[in-house]
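Data block below; observations after.
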Amino acid sequence: MRRYIIKRIILAFATIFVVMTATFFLMHAIPGTPFSGNNDSMSAETLAVLMEKYGMDKPLYKQYLTYVWNILHGDFGVSMSNGYRSVTEIILTAFPVSADLGIRALIFGTIAGILLGIEAALHRNKPIDHISTITAIIGISIPSFVLGTILQTILGLGLSGWVKATFHTDYQLFPIARWQSFRYTIIPSFVLGMGTVASLARLMRTSMLDVINQDYIRTAKAKGISRQQIIWKHEVRNAMMPVITVLGRMIGGVVTGSYIIESQFAIPGLGKYLVNSITARDYTMTMGLTVFYSIFIVFSMLLVDLLYSVIDPRVRLAK
Amino acid sequence: MEMVKDFTPVPRDLEASQKIYRKSISYSQGVVRTLLQNKVAMVSLVFILFLIVVAIAGPIAFPDYEKTDLLHTLTPPSKEHILGTDELGRDVFTRLIRGTRTSLMIGFIAETINLVVGMLYGGIAGFLGGKADNIMMRIIDILMSIPQMLVMILMLTVLKKGIPTLILSLTITGWIGLARLVRGQILSLRENEYALAAKVLGAGKKEILLTHLLPNAIGPIIVNYTMSIPGAIGAEAGLSYLGLGISVPEASWGNMLQAGSSQFPASLWLFFAPAVLFALAMLAFNLLGDGLRDALDPKMRR
C-alpha cells in the first residue's frame, strides 16, 4: 500500500514537471517577444530595457529555472490582458466559481447517471432502458454548447417571455447568464453534467448486468434475502467499482468541459478567463492557467485513486 | 398393443443422423452475418458511406462555399438556397457539404494516425514485456494524466491555426487509449499456444507480432477506431466554438455550429442544418461501433 502511494505521488510530480517544461518551451517557441505586438515603433533601447526588466535577456536555462521556481511559489506571472493583474490573483478569485459549477455538475451527473444505469439494468429492454440509452446517446452526440444554446433559448428566453406576457413581471426562473443565486446555476450545471450522465449511465448498466449474473447474487436469492436488499447491498455496491475508477477521469472531463459552458453563460470562472486569454492572445495567462489546471487535475485524480484503493481491498493486495 | 401402432420407430441410420445440414461458417463470415442482421448498425454504415461520398464528390459539384453575396445575407431557406444563407450571404447547403469534407477528413486522418501509432507502441510494449514495457507504460501514465483538451488548447494557441495543426493536436495524446488496449491484448494473446508454436517453428519476434498477434487483436481495435472518430469530430467542434478550430472562410461542422448558435434563435436554419447533420453523424459512428462490438464478440451473438 505504501509503495503504491509513493509510486503514484512520484508519477504525479513527474506529470506536472512534463507539463511545466512543455509549456515553457512552447511559450518560447513563439516568434518575437511579448512586447513586439502592437507597437512596432518601439526603439531597440526600450526593448532592451523591457527585456532586462522581465529577465528575458538571461540565458534560456536560467529563465526556465526562474519560471519553475516561481510556479513552485504559486506565482504564474502577470496577465497581459486583464490590466496586468497577476495570474495567481485571477486564479484565486475565479477558481471558487469554477469549482462551484464543477461540483454541482459532478453531483448531478453522478447521481443521475448511476440511477439511470441501475434502472436500465433492472428493467432490461423495457421503456426505462430505452430512455436511458437515448439519454446516453444525446449526451454523447450533441456538443454541450449546442445543448446550452437550445436550453438558453427555450427555458431562458422563451419562458421569461411567456412569464412577462402572462404575469407582467420581469422574473426569470432560469437566467441565462452570470452566476448569482441558485436559479442561475441550474441550466449550466445541467448542461455540464450531461456528459457525465451519459457515460456513467452506460457504464453502470453494463456493470450491473455483469454483476446480476454472478453466482453470489444467486446465493443471496437462495438465502431468501429481500429483493431491495439484494439490489442495493449486493448488486449496486459491486457494480459501483468500475464507476469509481472512472470518477477520477470524470473530474478532468468536467473541468475541461467548463471552458465552453463558462464562456457561453458568462460565468466569471477560470474557464471564461482561459477562453478570453486565447482570443486576446494573452500567452502568460493561457500558459499559466494550463499549468494550474494540470496540477489541479493530476492531484484530484491522485486523490480519487487513493480513495479507490481504500474502498476496494483488491487494489491494496495487488501492488 | 393398440398404442404402438400409432408410432413408427425412427430408422437407425447413423450416417443420416450425423449429417451436417448447415454449412459451417468461419469467424469472419459470422461477423459479417451478425452485422448484416443488425439493422441499426447497417443503417448507420450506409449513412456513413453516404457522408463519405458527399465529402469526396460534394465539393466538386458545389465548389462555391466561399462566395459571399452581401445583398442576400441571412435569408431563410428558399429555392435558390435550399438551406438559406449565412451572415455574409454564403450558401449554407454548399458550406455544409464542404464542412462534411473538412470534419470527416479531420476525424479519419487524426484517428488513422492514432491507430498506427497506438498499435505500434502498444504492440511493441506488450511484446517486449519486462523493463522496456515498464518504461513505456510509465511514459503513457504521465501523458495520460495531462487532459487532452489542455494539450490541444496549448498547441493551437502557439501554432498556426488550420487543419494540419488541428490534426497534430488531436494526435499528440490521442493514441494513448489504443496503445493501452493493444498492449493488454498482446499480453494475453502471446501466452496462447499458437504463439508458442510459431516461435518453435522458428518465426522471428517481428513476424509473430505482425502476422499472429496483431491480427488476432484486431476486433477491439476496429471497435475503438470506429468509436474514436466521432470523438475527434466532436473535439473539432468544441475547439471551433472556442475560436481555436477551423476559421472561416473554410467551413467545418464545428465553425458552422458556432456561427449558428451565435445567430440563434433569429436564424434557425443556420443552426439546425449543421446541428442535425452533426448529431446524426455522431450517432451513426457510435451505433456502428456498438454493432461491430456485438458482431466481433462471439459471446454476444445470439
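Rule-based calculations on the coordinates, nothing more; no lab input. From a predicted model like this one, the values you see are computed outputs, not experimental measurements. Every residue, glycine among them, receives a Cβ derived from its backbone with ideal geometry; neighbour counts consider all protein chains shown.
Computed values, structure above
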item: Highest-MSF residue in chain B out of B:V158, B:V248, B:V31 [GNM, Cα springs under 10 Å]; result: B:V158
item: Cα-centre dipole for the range A:99-229 with unit charges at Cβ (Lys and Arg positive, Asp and Glu negative), debye to 20; result: 340 debye
item: Cα extents of the range B:12-124 along the three principal axes, largest first (Å); result: 88, 44, 20
item: Chain B: angle of helix B:92-128 to the longest principal axis, Cα-based, in degrees nearest 10; result: 40 degrees
item: Computed helical MRE - 222 nm, chain B, DSSP H runs ≥ 4 contributing -39500 (n - 2.57), nearest 500; result: -21500 deg cm²/dmol
item: Estimated dipole of chain A in Debye, rounded to 20 [Cβ of Lys and Arg +1, of Asp and Glu -1, Cα centre]; result: 1540 debye
item: Inter-chain shielding of A:143-156 (mean C-beta neighbours from other protein chains, 10 Å cut-off); result: 5
item: Order of A:R237, B:R12, B:R190, B:R90 under a 10 Å beta carbon neighbour criterion, fewest first; result: B:R12, A:R237, B:R190, B:R90
item: Amide H partners (placed H, <5 Å) of B:L88, local residues excluded; result: B:L74
item: Axial C-alpha extent at least 15 Å, average Kyte-Doolittle at least -1.0 - helices from chain A (DSSP); result: A:2-29, A:60-72, A:87-122, A:127-141, A:182-212, A:237-264, A:283-311
item: Cα shape, chain A, gyration tensor, a/c 1.5 rule; result: oblate
item: Residues A:M208, A:M80 arranged by fewest to most Cβ contacts within 10 Å; result: A:M80, A:M208
item: ³J(HN,Hα) computed for each position of the range B:181-187 - Karplus, 6.51 cos²θ - 1.76 cosθ + 1.60, integer Hz, glycine/proline x; result: 4, 5, 4, x, 4, 4, 4
item: Eligible lysines near B:K19 by straight Cα distance, threshold 30 Å, same-chain separation 8 or greater; result: B:K5, B:K299
item: Mean residue ellipticity (222 nm) of chain A, computed from DSSP H runs ≥ 4 via -39,500 (n - 2.57), nearest 500; result: -24500 deg cm²/dmol
item: Hydrodynamic radius by Kirkwood, which averages 1/r over all alpha carbon pairs of the protein assembly as shown, in angstrom; result: 27.7 Å
item: For chain A, with +1 on Lys and Arg beta carbons and -1 on Asp and Glu, the positive-most of A:I187, A:S300, A:A112 along the dipole; result: A:A112
item: Pairwise label distance in nanometres, A:A99 with B:Q263, each label 7 Å out on the Cα-Cβ vector; result: 4.3 nm
item: Largest-first ellipsoid semi-axes for the range B:219-301, taking √(5λ) over the Cα gyration tensor eigenvalues, angstrom; result: 32, 14, 7
item: Mean Cβ count within 10 Å, highest first, over the residues of peptides B:162-172, A:250-260, A:158-168, B:38-48; result: A:250-260, B:162-172, B:38-48, A:158-168
item: Burial ordering of B:V54, B:V200, fewest other beta-carbon atoms within 10 Å first; result: B:V200, B:V54
item: Added length on full extension, which subtracts the Cα-Cα distance from 0.36 nm per residue, A:L60 to A:T166; result: 31.5 nm
item: Where labels lie 7 Å past Cα in the beta-carbon direction, separation of B:V32 and B:I20 in nm; result: 1.8 nm
item: Candidate lysines for bridging to B:K161, where Cα separation is under 23 Å - those fewer than 8 sequence places away on the same chain excluded; result: A:K272, B:K67
item: Degrees separating the helix B:268-296 axis from the principal Cα axis of chain B, which is the longest one; result: 20 degrees
item: Summed residue charge, Cβ within 13 Å of B:G289's Cβ, Lys/Arg positive, Asp/Glu negative; result: -2
item: Debye, to nearest 20: dipole size of the protein assembly as shown, +1 on Lys, Arg Cβ, -1 on Asp, Glu Cβ; result: 2120 debye
item: Calculated FRET efficiency for the pair B:I218/B:K39, C-beta based, R₀ 25 Å, to 0.05; result: 0.55
item: 3J(HN,Hα) from dihedral phi, the range B:129-135, Karplus parametrisation 6.51/-1.76/1.60, rounded to Hz, x for glycine, proline; result: x, x, 5, 4, 4, 4, 5
item: Residue (of A:I71, A:V197, B:G130) at the positive-pole extreme of the protein assembly as shown, dipole from beta-carbon charges; result: B:G130
item: FRET efficiency estimate (nearest 0.05) - Cβ-Cβ, A:Q228 to A:T279, R0 51 angstrom; result: 0.45
item: Ranked by how many other beta carbons lie within 10 Å on average, peptides B:60-67, A:238-245 from highest; result: A:238-245, B:60-67
